[in-house]
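> The structure under discussion is supplied below as structure tokens; questions concerning it will follow.
The values are calculated or read from the model by the stated rules, or taken from the named source; none is laboratory data. What you are looking at is a predicted structure, and each value in this text was computed from that prediction instead of being measured. Cβ: placed from backbone, ideal geometry, glycine included. Neighbour counts: every protein chain shown.
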Amino acid sequence: MITRMKSFAFKSFLFLCLFLVPFSIKGQDVYDIRVERYKSTWNNLIPRYTKVQFAGSMGMISAGVGWNYGRDHWETDVLLGLVPRYADRHAMVTMTLKQNYIPWRITLNEKFFFEPLTCGLYMNTLFDDDFWVKNPDKYPSGYYTFSTRVRLHMFVGERITFQLNKKKAPRKSITLFYELSTCDLYLISAVSNSYLKPSDYLSLSFGVKFQIL
Amino acid sequence: MGFSRYWFIFFLLFTACDLIDYHPYDGRLDSDIETNLNEKAIVRIESACKTKDTIRFVMTGDTQRSYDETERFVKHINQKTGIDFIIHGGDIADFGMKKEYEWTYDILSKLNYPYVAVIGNHDIIGNGDHVYKKIYGKENFSFIAGNTKFVCLNTNAIEYDYSNPVPDFSFIREEIYDDKEYDRTIVVMHAPPGNEQFNNNVKDVFQAYIKQLPELLFCLHAHNHQLSVSDLFNDGILYYGCENMSKRSYLLFTLTPDDYTYEVVRF
């Protein structure tokens, strides 16, 4: 009885195998594709470059990572910045989300190319409890109509890129750039006052980008 | 082309240091900005008015984001004669940003007459109060012009928590009992009692306290952006409020040995 049971179990196992093998091969493929997709999704999240920027109303020094896309016409940066201590206040940390648009690329020679215009927007936030997004409850509602914590900036600039090793690592390059920017509150002050000159409300910054991937 | 671009970048780097801005609220002042302005102005006012029996001063305020009008005001005042000093009733900045302080500083430093500035609520936003203290000095101060003492107070209580005494009664107490020589007192503030900025739980105490100042003549304030003369506590002490700078007017007070007059001047 037991042996018959065993042989029945064995036969049904074989029978199952016969039917399942083709399916499992197919299943393996689907699984691989899903793994590949999963990997490439995460691979896309690997930053393509690092950036360091000096000044620009978002900190004395900001550094972070970013991604190129859209045939390298678009770049998105995430930067952390440091505002040193001045006027009897403690130092502050800021975070910036920056969107760059680079419409043109001019090849100068084998190693250099020049981008005559970069432009975009960035949003900067302070990590500091003394600054608010919405008016704290102590104020009558709508007392101040702006946020002291989050600033929206706009910029234009130019940059030049040096390609390190075009054959071995075609993406690897160093880019130097400068930008002129202004922020929402500077602009609001400027538009209603002819007294304010561009040198009053424009901010100059310099930076370097290390393209890795 | 690349070479000339490099030189262009270097040129920018070395000539455009004023354009370097770390953050709107970094508190990093331009190196050419003087500090402790109120103290320096007070030295000028006190020495110039020492022997005078008639004092003429301007009360204005709320220059916030009215740079064109402030410049116009400076040109107008500089053409006038016989003014001893100017009081800025607060709200030098609009968003509490360092650059706003610097812009206003640049315009007001062209005044031919000394000016003192009290702190307004918009001057405190962000880290503005630290910038105020650096440029203008203490938030509560006093000075004597002729035979009149001016007691200038921070009254923007809502901007602080209870760890900051606003109004500072111990300062007022020191002013009541100091041994300087003067015959009467004028109190200057940004937000008047009863206003949403004021700590109204103590407004009656405040009034009782400042009335102990020798011969309180009247009080001056800004903040409301409108002309007002009101006997806030029905006790005969008048509170004069000036318009904001964008309305292009100011109050001109003339203090005579026994009395005073004022006029509203439009420019």
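> Enumerate the strands (runs of 3 or more DSSP E) found wholly within segment A:40-136, keeping only those where 1 or more residues are loosely packed, with under 14 Cβ neighbours inside 10 Å and free of Cβ contacts under 8 Å to residues at least 24 places away in the same chain.
Numbers: elements: A:49-55, A:61-69, A:74-83, A:92-101, A:112-127.
So the answer is A:61-69.
> Of the conditions (1) of a type outside the set (A, V, I, L, M); (2) in contact (Cβ under 8 Å) with a residue 12 or more places away in the chain; (3) surrounded by fewer than 20 Cβ atoms within 10 Å (Cβ to Cβ); (4) over 30 Å from B:VAL74 (Cβ atoms), B:ASP179 clears all except one; give me its number.
Looking at each condition in turn, B:ASP179 falls short on (2).
> Next question, about the same structure. Output yes when any residue across segment B:129-146 is closer than 30 Å to A:PRO136 by Cα, within 13 Å of the chain's Cα centre (by Cα), in contact (Cβ under 8 Å) with a residue 60 or more places away in the chain and away from chain A (no Cβ under 14 Å), and no when none is.
yes
> Identify, by number, the condition in (1) modelled with pLDDT under 70; (2) in contact with a helix residue (DSSP H, G or I) (Cβ under 9 Å, 6 or more places away or on another chain) that A:SER57 doesn't meet.
(1)
> If I ask for residues that are more than 8 Å from chain B (Cβ to nearest Cβ), over 20 Å from A:GLY81 (Cβ atoms) and in contact with a Leu (Cβ under 8 Å, 6 or more places away or on another chain), which ones from segment A:178-211 would you list?
A:ALA190
> With (1) without any contact (Cβ under 8 Å) to a residue 60 or more places away in the chain; (2) outside any loop (DSSP other than H, G, I, E, B); (3) in contact with a strand residue (DSSP E or B) (Cβ under 9 Å, 6 or more places away or on another chain) as the list, and B:VAL188 as the residue in question, which single condition is left unmet?
Going through (1) without any contact (Cβ under 8 Å) to a residue 60 or more places away in the chain; (2) outside any loop (DSSP other than H, G, I, E, B); (3) in contact with a strand residue (DSSP E or B) (Cβ under 9 Å, 6 or more places away or on another chain) one by one, B:VAL188 breaks only (1).
> I'd like to check something: does segment B:100-118 contain any residue that is part of a loop (DSSP other than H, G, I, E, B), touching a Leu at 6+ places or on another chain (Cβ under 8 Å), more than 9 Å from chain A (Cβ to nearest Cβ) and not charged (D, E, K, R)? Spell out the reasoning first.
To start, the set of residues in segment B:100-118 that are part of a loop (DSSP other than H, G, I, E, B) comprises B:109-114, B:118.
Then drop every residue that is not touching a Leu at 6+ places or on another chain (Cβ under 8 Å), which leaves B:118.
From the residues that got through so far, the ones that are more than 9 Å from chain A (Cβ to nearest Cβ) too are B:118.
When the remaining residues are screened for being not charged (D, E, K, R), the result is B:118.
Yes, there is a match, as at least one residue in segment B:100-118 is part of a loop (DSSP other than H, G, I, E, B), touching a Leu at 6+ places or on another chain (Cβ under 8 Å), more than 9 Å from chain A (Cβ to nearest Cβ) and not charged (D, E, K, R).
Conditions (1) more than 30 Å from A:GLN53 (Cα to Cα); (2) in contact with a Leu (Cβ under 8 Å, 6 or more places away or on another chain); (3) surrounded by 14 or more Cβ atoms within 10 Å (Cβ to Cβ), marked per residue:
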position	(1), (2), (3)
B:LEU19	no, yes, yes
B:TYR25	no, yes, yes
B:LEU29	no, no, yes
B:GLU39	yes, no, yes
B:GLU46	yes, no, yes
B:THR51	yes, no, no
B:PHE57	yes, yes, yes
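> Can you work out which of the residues in segment A:164-177 that are surrounded by fewer than 18 Cβ atoms within 10 Å (Cβ to Cβ), of a type outside the set (Gly, Ala, Ser) and assigned to a strand (DSSP E or B) is nearest to the other protein chains (Cβ to nearest Cβ)? Let's see the steps before the verdict.
Taking segment A:164-177 first, the residues surrounded by fewer than 18 Cβ atoms within 10 Å (Cβ to Cβ) are A:164-172, A:174, A:176.
Of the ones still in play, those that are also of a type outside the set (Gly, Ala, Ser) are A:164-168, A:170-172, A:174, A:176.
Filter again for assigned to a strand (DSSP E or B), leaving A:164-165, A:170-172, A:174, A:176.
Working: A:LEU164: 16, A:ASN165: 19, A:PRO170: 20, A:ARG171: 21, A:LYS172: 19, A:ILE174: 14, A:LEU176: 7 Å.
Selected residue: A:LEU176.
> Then there is this: Could you go through segment B:47-55 and let me know if any residue there is over 30 Å from A:PHE206 (Cβ atoms) and under 17 Å from the mean Cα position of the chain (by Cα).
Step one: list which residues in segment B:47-55 are over 30 Å from A:PHE206 (Cβ atoms), which gives B:47-55.
Checking the rest, the ones that are also under 17 Å from the mean Cα position of the chain (by Cα) come to none.
No, that holds for no residue.
> While we're looking at this one, here's another question. Just to check your reading of the model, which residue among B:SER170, B:SER249 is over 17 Å from the mean Cα position of the chain (by Cα) and either modelled with pLDDT under 95 or of a type in the set (Gly, Ala, Ser) (or both)? Write out each step before concluding.
Values: B:SER249 fails: over 17 Å from the mean Cα position of the chain (by Cα).
Step by step, each of B:SER170, B:SER249 is checked, and only B:SER170 is over 17 Å from the mean Cα position of the chain (by Cα) and either modelled with pLDDT under 95 or of a type in the set (Gly, Ala, Ser) (or both).
> Looking at A:LEU80, A:LEU108, which is the one that is among the hydrophobic types (A, V, I, L, M, F, W, C), away from every other protein chain (no Cβ under 13 Å) and on the phi < 0 side of the Ramachandran plot?
Residue meeting the stated conditions: A:LEU80.
> Yes or no: segment A:163-170 includes at least one residue that is of a type in the set (A, V, I, L, M, F, W, C), modelled with pLDDT of 95 or more and over 19 Å from B:ASP123 (Cα atoms).
no
> Moving on to the next point. List, please: which pairs have Cβ atoms under 6 Å, are six or more places apart or on different chains, and start with a residue in segment A:148-160 that is within 14 Å of A:LYS209 (Cβ to Cβ) and within 12 Å of chain B (Cβ to nearest Cβ) and end with one that is in a strand (DSSP E or B) and of a type in the set (A, V, I, L, M)?
So the pair list comes out as A:ILE160/A:LEU176.
> Hey, can you tell me all the residues within segment A:71-111 that are among the hydrophobic types (A, V, I, L, M, F, W, C), over 24 Å from B:PRO24 (Cβ atoms) and out of contact with any Ser or Thr (no Cβ under 7 Å at 6 or more places or on another chain)? Can you show your working first?
Our first condition is that a residue be among the hydrophobic types (A, V, I, L, M, F, W, C); within segment A:71-111, this holds for A:74, A:78-80, A:82-83, A:87, A:91-93, A:95, A:97, A:102, A:104, A:106, A:108.
Then drop every residue that is not over 24 Å from B:PRO24 (Cβ atoms), which leaves A:74, A:102, A:104, A:106, A:108.
Once the filter is applied, which keeps residues that are among the hydrophobic types (A, V, I, L, M, F, W, C), over 24 Å from B:PRO24 (Cβ atoms) and out of contact with any Ser or Thr (no Cβ under 7 Å at 6 or more places or on another chain), segment A:71-111 yields A:TRP74, A:TRP104, A:ILE106, A:LEU108.
> Can you pull out the residues in segment B:152-176 that are in contact with a strand residue (DSSP E or B) (Cβ under 9 Å, 6 or more places away or on another chain), outside any helix (DSSP H, G or I) and surrounded by fewer than 22 Cβ atoms within 10 Å (Cβ to Cβ)?
Of everything in segment B:152-176, just one residue is in contact with a strand residue (DSSP E or B) (Cβ under 9 Å, 6 or more places away or on another chain), outside any helix (DSSP H, G or I) and surrounded by fewer than 22 Cβ atoms within 10 Å (Cβ to Cβ), namely B:ASP168.
> Still on this structure: Can you tell me which residues in segment B:192-207 are surrounded by fewer than 17 Cβ atoms within 10 Å (Cβ to Cβ) and either at pLDDT below 95 or in a loop (DSSP other than H, G, I, E, B) (or both)?
Result: B:GLY194, B:GLU196.
> Pick from segment B:59-76 the residues that are surrounded by fewer than 21 Cβ atoms within 10 Å (Cβ to Cβ) and not acidic (Asp, Glu): which of them is nearest to B:MET189 (Cα to Cα)?
The qualifying residue nearest to B:MET189 (Cα to Cα) is B:VAL74.
> Also, I was wondering about something else. Answer yes if at least one residue in segment A:189-199 is surrounded by 14 or more Cβ atoms within 10 Å (Cβ to Cβ), touching a strand residue (DSSP E or B) at 6+ places or on another chain (Cβ under 9 Å) and farther than 30 Å from A:PHE131 by Cα, and no otherwise.
No, segment A:189-199 contains no residue that is surrounded by 14 or more Cβ atoms within 10 Å (Cβ to Cβ), touching a strand residue (DSSP E or B) at 6+ places or on another chain (Cβ under 9 Å) and farther than 30 Å from A:PHE131 by Cα.
> Yes or no: segment B:208-226 includes at least one residue that is surrounded by fewer than 21 Cβ atoms within 10 Å (Cβ to Cβ), in a loop (DSSP other than H, G, I, E, B), charged (D, E, K, R) and under 20 Å from the mean Cα position of the chain (by Cα).
No.
> A:TYR139 versus (1) within 8 Å of chain B (Cβ to nearest Cβ); (2) buried (at least 19 other Cβ atoms within 10 Å of the Cβ); (3) over 18 Å from the mean Cα position of the chain (by Cα): which is the lone unmet condition?
Result: A:TYR139 passes all but (2).
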